[in-house]
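The values are calculated or read from the model by the stated rules, or taken from the named source; none is laboratory data. Values in this document were obtained by computation on a predicted structure and should not be read as measured data. As a convention, Cβ positions derive from the backbone with ideal geometry for all residues, glycine included, and neighbour counts pool all protein chains shown. The area values use the complete protein model at the heavy-atom level, side chains included, leaving out ligands, DNA and RNA. Shrake-Rupley method; radii C 1.70, N 1.55, O 1.52, S 1.80 Å.
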Amino acid sequence: MLNPKLRGKAVAVCGSTEERHGIVLAKSEKAKKAGVKTGMVNWEAKQLCKDLIVVPPQYDQYLKYSKLTQAIYQRYTDLIEPFGMDECWLDVTGSRYVYGDAMTIAEEIRRSVREELGLTVSIGVSYNKIFAKLGSDMKKPDAITEIRKENFKEKVWPLDCSEMIYCGRATTAKLARVGIHTIGDVANADPQYLKLLLGVNGIALWRYANGTDSSRVMHRDFVSPVKSVGHGITCISDLENDDEVWRVILALSQDVGHRLRVHQLSATGVQIFVRGNDLFGSQYQCKLPLKTQLPSEIAKAGYQLFKEKHIWHSNVRAVTIRAINLVPQTTTEQLSFFTDIQRIEKRERLEDAVEDLRSRFGKQAITYGCLLHNLKMPLDGRDNVKMPGMMYV
């Protein structure tokens, strides 16, 4: 839409090879027909499609248009549950008396998004969330697919089981090893056998395949309970020493501390995950002496964990720090005689001032001096993009 010269051509949105994110993030229909797949490394995609045009991601535009499309959805219902940045479930049960049946609403949404934003949407219409999601993937682009109770077996059961949500590569491979290849095979399998094979996920997949899922669509203002708050990144080049790791941990902790404040929570523990350029990862965690929201305290605890636990087999490629064992901000706790409460309160007041400045003038309005140079982190806004997580049930 932003570059009409690319229309009808083999195009792939790819991360930067130089910044260690060199994979296909999205592809056009022509590129897809040539065999280009999401998650494929850039060089492999170019081998499959010689005339492939590679363009960089534009995260600010994705976020902008995500909000604009959701504003169109809100004309028809307030039951809108986002699934990542570019997908939503809509419950239009109560809207049918005003706007017509579900297919009529879907057609109005499709037309409105195309006319007002210049984008195409693919829509699945069904009686549950699983089949609505499945339908949205069955016909692209700019299409609507309806799956009804009366015909879902004919439409859905012949499909490969990997087409179903939460049936990823590992699960698909496990099922294939026991002769289960299609959604129909999953539906007709013994649920207890699937539980033995896949755990509770096996029962969930059996219900999904049989069309009996009853998960509701959450209200647009719903906020799921926060169990942990973390931030991680793959660095644009290897971290080669403790000092470089410290700067990345400190930078990531700024976002963790901010989100704890937003949710009015405090951390009583810290967890870090470190992956080397040999792609092996290690995870460590510890308890904190006092609950905190302070980014500096979270960063110090994370760095101390790294210093004590991590063995340098190879340079560090990716780092994640997470605030865990969260409690409400107002939770009382027993202090010791040796707790310097005045220092803590002074630090909290300072952090209040920093938060105020950042909210008024941007995240980079005030920061640590050590984060102003040679910080091996991507700064293209990808950390603002919400990836698909778990469906609310």
Review point. Out of every Cα-Cα pair in region 120-228, what percent are more than 19 Å apart?
Key: 48
Review point. Which percent of Cα pairs goes in each bin when the distances of region 32-76 are cut into 10 angstrom slices starting at zero?
Key: 23, 31, 27, 17, 2
Exercise for review: Take every DSSP beta bridge whose two residues both sit in region 1-160, then give the antiparallel share in percent to the nearest 5.
Suggested key: 50
Review point. Convex hull over the alpha-carbon atoms of region 68-180: what's its volume per residue in Å³?
Key: 109
**Study point:** Fraction of alpha-carbon pairs over 24 Å apart in region 252-385 - percent
**Key:** 36
Study note, to complete from the structure: In whole percent, the fraction of accessible protein surface over the chain that belongs to carbon or sulfur atoms, probe radius 1.4 Å, stands at 53
Point to revise | the chain, helix-only ellipticity at 222 nm - DSSP H runs n ≥ 4, -39,500 (n - 2.57), divided by all residues, nearest 500 | key: -11500 deg cm²/dmol
Check your understanding: If one puts a single equal scatterer on every Cα of the chain and applies the Debye formula without solvent, what log₁₀ I(q)/I(0) results at q = 0.10 Å⁻¹?
Key -> -0.87
Point to revise | All-pairs Cα distance distribution in region 297-365, expressed in whole percent, bin size 10 Å | key: 13, 30, 36, 19, 1
Exercise for review: Could you work out how far helix 129-138 tilts from the main Cα principal axis of the chain, as a 0 to 90 degree angle to the nearest 10?
Suggested key: 70
Practice item. Just read off the accessible area of Glu355 with the full protein assembly in place, 1.4 Å probe, to the nearest 10 Å². Key: 40
Exercise for review: Provide the convex hull volume over Cα atoms per residue for region 1-69, in Å³.
Suggested key: 96
Check your understanding: Does anything in region 190-230 have its amide N under 14 Å from the 7 Å Cα→Cβ label point of Met138, and if so which residues?
Key -> 209-211
Check your understanding: Per residue, how much accessible area does region 68-112 show when a 1.4 Å probe rolls over the protein heavy atoms, in square angstrom?
Key -> 50
Practice item. Determine one quarter of the surface area of the Cα convex hull of region 196-279, which equals its mean projected area, and express it in nm² to one decimal. Key: 9.9
Revision key, fill the gap. The rounded separation in angstrom of the Cα centers of region 25-76 and region 145-198 is 27
Exercise for review: Could you state the accessible area per residue of region 246-323 in Å², with a 1.4 Å probe and every protein chain left in place?
Suggested key: 45
**Study point:** Net lengthening on full extension, Thr93/Asn201 (0.36 nm per residue, minus Cα-Cα)
**Key:** 36.1 nm
**Study point:** Residue-span extension gain [Phe361 to Ser224] - 0.36 nm each, minus C-alpha spacing
**Key:** 46.4 nm
Practice item. Determine the per residue accessible area of region 6-60 with all protein chains present and a 1.4 angstrom probe, expressed in square angstrom. Key: 61
Review point. What shape does region 131-191 take by its C-alpha gyration tensor, where a ≥ b ≥ c are the square roots of the eigenvalues and a/c under 1.5 counts as rounded, a/b above b/c as prolate, and the rest as oblate?
Key: oblate
Check your understanding: Can you give the alpha-carbon Rg of region 25-128 over 2.2 N^0.38 Å, where N counts its residues?
Key -> 1.31
Exercise for review: Along Cα→Cβ, 7 Å out, is where each label goes; now give me the distance between the ones at Asn374 and Thr38 in nm to one decimal.
Suggested key: 3.9
